[in-house]
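First comes the structure, then the notes that go with it.
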Amino acid sequence: MKLLSAIGLFFCLQAAWSQQPVIDTLILKGVEVTGEKPSPRNRSAVPVQRLNLEEIRMLPGGTVSDALKTFPGVTIKDYGGLGGMKTVVVRSMGANHTAIFVDGSPLSDVATGQIDLGRIPLQGLEAVELTIGQGQQLCQPARAQASASMIDFHSITPDFSKKSFRFETGIKTGSFGEINPYGRSDFRAGKKSVAGISADYHHTRGDYPYILKNGVLSDSALKRKN
């Protein structure tokens with residue numbers, strides 16, 4: 001019995017001695033892990049399509065309807081060409097089933113009930129998002145929850161770290177006399193307030209040629225005519 005007690009005491013002392021810190025052990029004060037933030041489309045549980053600022057500036061058009069044309073499953077209904085009303089159809093669902101937001105605020109039109117996308121300029125936006133189903137944010141109005149899809153337009157956040165005033169101007173041109181000059185200015189209105197104004201002008205002749213065939217003549221009718 002004494003022998004067993006001695007053996008147990010030996011193993012206890014051995015275990016206590018093994019827990020002692022080693023002289024050459026390094027103590028790290030902290031570890032910093034860096035990495036890239038995942039994109040919203042990777043963090044979302046629903047299908048999300050997104051255009052960033054670089055992709056928006058590469059688009060030839062001047063309105064948000066030209067940007068939405070690049071999304072698969074989206075059809076733009078154009079009523080009258082340049083200056084006409086433009087509505088969006090997502091996955092064969094009408095415009096009334098798509099909610100449109102600008103910086104989190106919903107847009108509405110009491111006259112027609114549909115948002116004219118041709119009136120929203122593309123300049124001044126840093127992102128365009130299309131979400132199928134419910135949005136990514138938890139706090140949303142009831143209109144967003146009742147819609148089959150959502151379109152979010154995010155304005156550019158001005159950087160006033162160096163200057164208290166920001167001004168941007170440019171011009172886009174195209175075929176058939178199309179010209180689109182635009183300008184935007186942002187300034188700091190207070191410690192936590194920012195104000196801005198933007199303007200653009202869009203003009204085109206629209207004199208592109210086209211061929212209209214009212215009917216097709218048969219071979220016999222062409223021979224009689226000749």
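Every read-out reported here was derived from the displayed coordinates using simple, explicitly stated rules and does not represent laboratory data. Treat the numbers as computed from the prediction; the structure is a model and nothing was measured. As a convention, Cβ positions derive from the backbone with ideal geometry for all residues, glycine included, and neighbour counts pool all protein chains shown.
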Discussion item. As a test of the definition: which semi-axes, in Å, follow for the range 73-121 when you take the square root of five times each eigenvalue of its alpha carbon gyration tensor? Largest first, please.
Written reply: 16, 15, 10
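Find, among the trypsin sites (Lys or Arg not before Pro) in the range 160-200, those assigned to loop by DSSP (not H, G, I, E, B) with at most 14 other beta-carbon atoms within 10 angstrom.
K162, K163, K191, K192
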Discussion item. Could you sort the peptides 26-35, 101-110 by per-residue average Cβ neighbour count (10 Å cutoff), highest mean leading?
Written reply: 101-110, 26-35
